[in-house]
Amino acid sequence: MKRTQRHLVGILIILVAGILGMAGCVSVPTSGPIEKVVEGQQPTCQNCVNVEVAPPASGAEAREIVEGYLRATSNYQPNYTVAKQFLTRMAAEKWSPEKGASIYRGSLRATGPARVNLSGRLVGSLGEDRTYTAEDQKLSQNFDLKKENGEWRINTLPAGLWVDEFYFARFYQTYDLYFVSSRPSLVPDPIYLPVLRNPANAASALMKALLNGPSKWLKPAVSTAIPPNTTLSVDSVTITDGIAEVPLSDSVLALPDPQRSLLAAQIVYTLKQVGGVKGVLIKVNQQPYRVPGSDPKSLMISVDAIPQEMDPIPFVAGEQPYAVQDGEIKQVTTTSDRPTVSRLARPLGGGAYDVDAVAVSAANTDVAFTTNDRTMLRRAPLAKGEPTLLLRGVSDLLRPQFTRYGEIWDIGRQDDRQWLWVLPAGKKFPSRLDLPVLGDRMEVRAFKISPDGTRIALVRRTESATATTYELGLARIIRADSSIRIEGWRSLDTAQANLPQIARIADVAWLDATELMVLGAAGAADAPYAPFRVVEDASRITSEGDPENWDALELAVLPRTQGAIIVGGRGQTWKDNGSQWVPFVDKVSTIAYPG
């Protein structure tokens, strides 16, 4: 699924306020009338939604005034001038549409001559940093009115926008801003924008958002090559023959070449999401700005000119999975009509080790694997070479993982608690790290590091006297001063009433840079596990296939192609062929893609 075209089903709105009106934050064009669009007719306003937003009618009742106000705030308008007409003069001056938004599903009823109540469900909210939070709670919001010049107007109301969820999916879409990890590579940060039909206006809004910096949650894990206080020297980005011209203030002139390359990567990746953009020309003081790798004559930077190592999803040296059969690691070949399984060269081949779980490096040169009933962690080259024992004296090791940086990560138990072990590239022994995301009676059941290496998805299980609960969430990975720490737990609500519900979770993987695949099940103890696609802010959860008789246990996903394999409890595997899950190889206990 293309993220630039994705319309969020449960949320996608708010950017309207949080990003459009905020001083110093994202803005969209504020000129141009809101006009009614007749079915089949092309809109004359390039930045308007296909809904008529009417001002208050003369003599309207209190309930009709609140209804009109909610309709007006559910649809993006320049400056929300129509929405303000439903407010008293004093309320209009105080109202702050830029204070985020509340996304709701509900109905109105008059509870008095001057009070109207909105009741239903609060679906979600978007903060001023444009971060979506799933709410899924009972809603009861009062609007108090008074007569002004003989007409009912809203006098007391909450800050921000109130947006009906129906309009979220229709009139808003998500984009990614791109920032820099510590290594560096690019890291996406999703934001939400109204559907702007003029590509130049969408590019302008994206650039202003990029200059404003990352969201509050992601900020500690990333940086930006853009100097502080950098602005667009002209208020908008223009697009001519597919080239987006970005006029920046002269604060970027002092950047050395390495920082110029990072700045260009951030801008190109952010703007290439806009339809038709083939390249970027940065200008300072109306002169083309030199960036390493740009066209030597025009200084234009092609969308293909950014080095592939900057991509949020690393390229892997091979897409063939590796499976464990009868405790032995084997390579799966899929070039023929039927996949085949072949032994590796000795000493890995030949069954010298009884392997429990396996991971493969992105370079397709090494494997990490657990043995001895998940009590030992080893590493070995896929070519000739003896395996190295990395870790022993532990229990319940989870499946290990290689990051794009060549690190090996794993989680296991020692001293009667879970720990995280990380082996940096070039080191001989892993370091033991604390897992602050764990609380009392909690344990991590599965984990997966994001392709860009800055976030980790975790499945936590909590045991109590009465129930066992599962929780999906993200944490930030902070790499600084040759150390690594995990922080910033953010729970993802997988039990929202308006979305497919996931009560139990067996495994998690990254489908791409911002979406997860979860092997989950409904609440019943005998409900089978099935795959679900979960957006990283839980704004959308969709089923990815029926469980049939899978007895599904774990996932393997290749983010660059979104290739996915499910491993069942009876040794059968199923592969997603793009339209359905089809039987793959059998007699397999676990499977892994490179990376």
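The values are calculated or read from the model by the stated rules, or taken from the named source; none is laboratory data. Just so it is clear, the model here is predicted, and its values are computed rather than measured. FYI the Cβ positions are ideal-geometry reconstructions off the backbone, even for glycines, and counts take in every protein chain you see. The protein model used for the area step is the full one, side chains on, heavy atoms only, and it has no ligands, DNA or RNA in it. Shrake-Rupley method; radii C 1.70, N 1.55, O 1.52, S 1.80 Å.
Picking from P220, P228, P214, which residue would you name as being without any contact (Cβ under 8 Å) to a residue 24 or more places away in the chain, within 26 Å of R455 (Cβ to Cβ) and either of a type outside the set (V, I, T) or buried (at least 20 other Cβ atoms within 10 Å of the Cβ) (or both)? Give the steps one after another, and end with the answer.
Working: P220 fails: without any contact (Cβ under 8 Å) to a residue 24 or more places away in the chain; P214 fails: without any contact (Cβ under 8 Å) to a residue 24 or more places away in the chain.
Result: P228 is the single residue among P220, P228, P214 that is without any contact (Cβ under 8 Å) to a residue 24 or more places away in the chain, within 26 Å of R455 (Cβ to Cβ) and either of a type outside the set (V, I, T) or buried (at least 20 other Cβ atoms within 10 Å of the Cβ) (or both).
Name the one entry in L186, L145, L126 that is more than 30 Å from P247 (Cα to Cα) and of a type in the set (A, V, I, L, M). Talk me through it step by step, then tell me what you get.
Details: L186 fails: more than 30 Å from P247 (Cα to Cα); L126 fails: more than 30 Å from P247 (Cα to Cα).
Sole residue among the options that is more than 30 Å from P247 (Cα to Cα) and of a type in the set (A, V, I, L, M): L145.
Can we say A317 is assigned to a strand (DSSP E or B), within 35 Å of the chain's Cα centre (by Cα) and among the small types (G, A, S)? Before you say what the answer is, go through the steps one by one.
Working: assigned to a strand (DSSP E or B): no; within 35 Å of the chain's Cα centre (by Cα): yes; among the small types (G, A, S): yes.
Here the answer is no, as A317 does not meet what is asked.
Being in contact with an Asp or Glu (Cβ under 9 Å, 6 or more places away or on another chain), open to solvent by 60 Å² or more (accessible area, probe 1.4 Å) and within 12 Å of A203 (Cα to Cα): is that true of T238 here? I'd like the intermediate steps shown before the answer.
On the way: in contact with an Asp or Glu (Cβ under 9 Å, 6 or more places away or on another chain): yes; open to solvent by 60 Å² or more (accessible area, probe 1.4 Å): yes; within 12 Å of A203 (Cα to Cα): yes.
Here the answer is yes, as T238 does meet what is asked.
Regarding R399, is this residue farther than 16 Å from A556 by Cα, open to solvent by 30 Å² or more (accessible area, probe 1.4 Å) and modelled with pLDDT of 95 or more?
Details: farther than 16 Å from A556 by Cα: no; open to solvent by 30 Å² or more (accessible area, probe 1.4 Å): yes; modelled with pLDDT of 95 or more: yes.
Considered against the rule, which asks whether it is farther than 16 Å from A556 by Cα, open to solvent by 30 Å² or more (accessible area, probe 1.4 Å) and modelled with pLDDT of 95 or more, R399 comes out as no.
Let's see how each residue does on (1) in a loop (DSSP other than H, G, I, E, B); (2) under 22 Å from S539 (Cα atoms); (3) open to solvent by 10 Å² or more (accessible area, probe 1.4 Å):
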position	(1), (2), (3)
F429	yes, no, yes
V444	no, no, no
K448	no, yes, yes
R460	no, yes, yes
G473	no, yes, no
R485	no, no, yes
I502	yes, yes, no
I505	no, yes, no
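Open to solvent by 60 Å² or more (accessible area, probe 1.4 Å) and over 25 Å from A345 (Cβ atoms), is that true of R417?
So R417 fits the description; yes.
Please go through the stretch 163-214 and pick out each residue that is under 21 Å from D537 (Cβ atoms), hydrophobic (A, V, I, L, M, F, W, C) and in a loop (DSSP other than H, G, I, E, B).
Correct list: V195 only.
Taking I282 and the conditions (1) of a type in the set (V, I, T); (2) buried (at least 21 other Cβ atoms within 10 Å of the Cβ); (3) closer than 20 Å to L193 by Cα, which numbered condition does it fall short on, given that it satisfies the others?
(3)
Return the only residue of R379, R346 being out of contact with any helix residue (DSSP H, G or I) (no Cβ under 8 Å at 6 or more places or on another chain) and either open to solvent by less than 60 Å² (accessible area, probe 1.4 Å) or within 23 Å of G453 (Cα to Cα) (or both).
Details: R346 fails: either open to solvent by less than 60 Å² (accessible area, probe 1.4 Å) or within 23 Å of G453 (Cα to Cα) (or both).
On inspection, the qualifying residue turns out to be R379.
For the stretch 116-136, state whether one or more residues are at pLDDT 95 or above and in contact with a helix residue (DSSP H, G or I) (Cβ under 8 Å, 6 or more places away or on another chain).
Looking for residues that are at pLDDT 95 or above and in contact with a helix residue (DSSP H, G or I) (Cβ under 8 Å, 6 or more places away or on another chain), one finds at least one in the stretch 116-136, hence yes.
Just a yes or no: is a residue in the stretch 512-521 touching a helix residue (DSSP H, G or I) at 6+ places or on another chain (Cβ under 7 Å), open to solvent by less than 20 Å² (accessible area, probe 1.4 Å) and not aromatic (F, W, Y)?
To start, the set of residues in the stretch 512-521 that are touching a helix residue (DSSP H, G or I) at 6+ places or on another chain (Cβ under 7 Å) comprises 514.
Remaining after also requiring open to solvent by less than 20 Å² (accessible area, probe 1.4 Å): 514.
From what's left, not aromatic (F, W, Y): 514.
Yes: the stretch 512-521 contains one or more residues that are touching a helix residue (DSSP H, G or I) at 6+ places or on another chain (Cβ under 7 Å), open to solvent by less than 20 Å² (accessible area, probe 1.4 Å) and not aromatic (F, W, Y).
Please specify each residue of the stretch 180-203 satisfying the condition of being open to solvent by less than 10 Å² (accessible area, probe 1.4 Å) and hydroxyl-bearing (S, T, Y).
Those that are open to solvent by less than 10 Å² (accessible area, probe 1.4 Å) and hydroxyl-bearing (S, T, Y): S181, S185, Y192.
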